[in-house]
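Peer 1: Pasting a structure below so you can have a look.
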Amino acid sequence: MKYHRKKGQVSYGEAIGIILLDSEAPFIPGDVANATTYDFPVRFQRVEGLTVQKMMDHDKSSLERVIQAAELLKKEGVRAITSDCGFMALYQKELREKLEIPIFLSSLLQIPFIGEIIPVGKTIGIVTANGRSLTEDVIRMCGINQVDNLVITGLENEPNFSSAFLDEEGFVDTEEVEKEVVGKAVQLQRENPDIGAILLECSVLPPYAEAVHRATGLPVFDFVTMINYVFSAVVRESGRGFM
């Protein structure tokens, strides 16, 4: 087999590019921004000035820097680009128009798929970093027009989650955050017994997905389920096994 260089590319083998917020929160294993989360190499690119608060405020002033980050990731050979914030839905349309590779910036993009595989008449429960900020407009930026099958709860008033990831105080107590995330999911299920699946919107929530699944008994989707799925589509391998 012969391999050929790609002009301007200095490293190889990273199929998924991840645009990062300008955040210094501790990103633990299982988090989107922790490379050990994946069974394959990923490439990160931080966007200076793109803060958590700007995302919560739906501030699109960083658009050009986000586009530059995506273009740099593409130049370095990634085959698809995601992000570490579900509110990056704000940039989904523009990046799809600019780059000729798959763009899947928000975990919310999984909503139509989830809605089609759960039993008819069931709703989707969403646990988000900030329930006030996750508006219908943000959801529609993912090309989703049906929102009446969604029930949403936010973590913005949970002290441990908020201090670690919204206020960025520099540390995270994972046991306490897990209690908060599971508590909100269980409460959402109790108040909405017709929920058929749960989507963890925020990129820091996948480490707690197993605990949510165990507590609710429901299928749980998150950023990592989406990234793994896309990776399996853009990096195909020949069948292995025996007969």
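The values are calculated or read from the model by the stated rules, or taken from the named source; none is laboratory data. None of these values were measured; they are calculated from a predicted model. Don't worry about glycine lacking a Cβ; one is built from the backbone with ideal geometry, like all the others, and counts go over all protein chains shown.
Peer 1: Scan region 138-161 for residues that are under 19 Å from the mean Cα position of the chain (by Cα), of a type outside the set (Val, Ile, Thr) and at pLDDT below 95 and jot them down.
Peer 2: Within region 138-161, Arg140, Met141, Cys142, Gly143 qualify.
Peer 1: Let me ask something else about it. Have a look at Glu178, Glu169 and point out the one that is surrounded by 15 or more Cβ atoms within 10 Å (Cβ to Cβ), within 25 Å of Ser83 (Cβ to Cβ) and not assigned by TED's automatic domain parsing to the domain that holds Glu94.
Peer 2: On the way: Glu169 fails: surrounded by 15 or more Cβ atoms within 10 Å (Cβ to Cβ).
Checking each option against the conditions leaves just Glu178.
Peer 1: Among (1) farther than 17 Å from His213 by Cα; (2) touching a helix residue (DSSP H, G or I) at 6+ places or on another chain (Cβ under 6 Å), which single condition is Glu136 missing?
Peer 2: Evaluating Glu136 over (1) farther than 17 Å from His213 by Cα; (2) touching a helix residue (DSSP H, G or I) at 6+ places or on another chain (Cβ under 6 Å) leaves (2) as the failure.
Peer 1: I'd like to know if region 79-94 contains one or more residues that are assigned by TED's automatic domain parsing to the domain that holds Leu50, surrounded by fewer than 18 Cβ atoms within 10 Å (Cβ to Cβ) and aliphatic (A, V, I, L, M).
Peer 2: Looking through region 79-94, none of the residues is assigned by TED's automatic domain parsing to the domain that holds Leu50, surrounded by fewer than 18 Cβ atoms within 10 Å (Cβ to Cβ) and aliphatic (A, V, I, L, M).
Peer 1: Quick test for you: out of Leu200, Leu188, Leu155, Leu166, pick the one residue that is of a type outside the set (D, E, K, R), over 19 Å from Phe27 (Cα atoms) and in contact (Cβ under 8 Å) with a residue 24 or more places away in the chain.
Peer 2: Of the residues listed, the single one that is of a type outside the set (D, E, K, R), over 19 Å from Phe27 (Cα atoms) and in contact (Cβ under 8 Å) with a residue 24 or more places away in the chain is Leu188.
Peer 1: Being more than 15 Å from the chain's Cα centre (by Cα), of a type in the set (Asp, Glu) and assigned by TED's automatic domain parsing to the domain that holds Ile195 narrows it down to one of Glu24, Glu116, so name that one.
Peer 2: Working: Glu24 fails: assigned by TED's automatic domain parsing to the domain that holds Ile195.
On inspection, the qualifying residue turns out to be Glu116.
Peer 1: Could you please tell me which pairs satisfy a Cβ distance under 7 Å, a separation of 6+ or placement on different chains, a first residue in region 121-146 that is surrounded by 20 or more Cβ atoms within 10 Å (Cβ to Cβ), and a second residue that is of a type in the set (Phe, Trp, Tyr) and not in a loop (DSSP other than H, G, I, E, B)?
Peer 2: These pairs meet every condition: Ala129/Phe165; Val138/Phe87.
Peer 1: Sort through Leu134, Leu150, Leu155 and tell me the only one that's assigned by TED's automatic domain parsing to the domain that holds Gly217, more than 20 Å from Leu50 (Cα to Cα) and touching a Phe, Trp or Tyr at 6+ places or on another chain (Cβ under 8 Å).
Peer 2: Numbers: Leu134 fails: more than 20 Å from Leu50 (Cα to Cα); Leu150 fails: touching a Phe, Trp or Tyr at 6+ places or on another chain (Cβ under 8 Å).
After applying the criteria, what remains is Leu155.
Peer 1: Same structure, new question: Identify all residues within region 1-38 that are surrounded by fewer than 18 Cβ atoms within 10 Å (Cβ to Cβ) and free of Cβ contacts under 8 Å to residues at least 12 places away in the same chain; write none if there are none.
Peer 2: Result: Met1, Lys2, Tyr3, His4, Arg5, Lys7, Ala35, Thr36.
Peer 1: Still on this structure, I have one more. Exactly one of these conditions fails for Ser61: (1) of a type in the set (Ser, Thr, Tyr); (2) crowded, with 17+ Cβ neighbours inside 10 Å; (3) over 18 Å from Ala129 (Cβ atoms). Give me its number.
Peer 2: For Ser61, the failing item is (2).
Peer 1: Continuing with the same structure: For residues that are in contact (Cβ under 8 Å) with a residue 40 or more places away in the chain and closer than 22 Å to Asn130 by Cα, tally how many sit in region 67-92.
Peer 2: As a first pass, look at region 67-92 and keep what is in contact (Cβ under 8 Å) with a residue 40 or more places away in the chain: 69-70, 73-90, 92.
Then drop every residue that is not closer than 22 Å to Asn130 by Cα, which leaves 82-90, 92.
The total comes to 10.
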